[in-house]
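One structure below.
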Amino acid sequence: MVKRIVVGAHYGLRDWIAQRATALFMVIFTILFAAAALGLPEMTYQTWSGLFRNGLVRFFAFLFFLALFYHAWIGVRDIFMDYIKPVGVRLALHLVTIFVLVGYAGWAAQILWRL
């Protein structure tokens, strides 16, 4: 029989690391994207959409959004677990948050790839 320890120093460490990793990725992407956007010769729709014609930019932009949504999920979930005590209300809030974040991910994919 394996006993699972649900409290202690390592409980939540994976989520803490994931949140820091997503934050690091978002910072790096934001800096690189800002440099690319500021390096455009002019800010017109044609040059802006030309930046996103590159499949690599679309891919990393979508990864940015996935990292953002996962980062948000970890933070909001922890807030709900800490401050919302009725289990039914917390479950409902978790479900609404999941549906909204998955919907946002689909919306981001639609915008980036015009599906």
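The values are calculated or read from the model by the stated rules, or taken from the named source; none is laboratory data. These numbers were taken from a predicted model, which means no experiment stands behind them. Reconstructed Cβ throughout: ideal geometry from the backbone, glycine too, with neighbour counts over all protein chains shown. For accessibility, only protein heavy atoms count, side chains too; no ligands or nucleic acids. Shrake-Rupley method; radii C 1.70, N 1.55, O 1.52, S 1.80 Å.
Here are the numbers for the structure shown:
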item: Residue match in the stretch 45-53 (condition: basic (Lys, Arg), out of contact with any Asp or Glu (no Cβ under 7 Å at 6 or more places or on another chain) and touching a residue at least 40 places away in the same chain (Cβ under 8 Å)); result: no
item: Residues of the stretch 25-36 satisfying the condition of being open to solvent by 50 Å² or more (accessible area, probe 1.4 Å) and farther than 12 Å from residue 64 by Cβ; result: 35
item: All positions within the stretch 66-85 that are without any contact (Cβ under 8 Å) to a residue 24 or more places away in the chain, within 25 Å of residue 24 (Cβ to Cβ), hydrophobic (A, V, I, L, M, F, W, C) and touching a helix residue (DSSP H, G or I) at 6+ places or on another chain (Cβ under 9 Å); result: 76, 80, 81
item: Number of positions in the stretch 37-82 that are aromatic (Phe, Trp, Tyr), modelled with pLDDT under 95 and open to solvent by 50 Å² or more (accessible area, probe 1.4 Å); result: 2
item: Filter result for residue 88 (free of Cβ contacts under 8 Å to residues at least 40 places away in the same chain, of a type in the set (Gly, Ala, Ser) and open to solvent by 50 Å² or more (accessible area, probe 1.4 Å)); result: yes
item: Test for residue 97: is it in a helix (DSSP H, G or I), within 18 Å of residue 15 (Cα to Cα) and open to solvent by less than 70 Å² (accessible area, probe 1.4 Å); result: yes
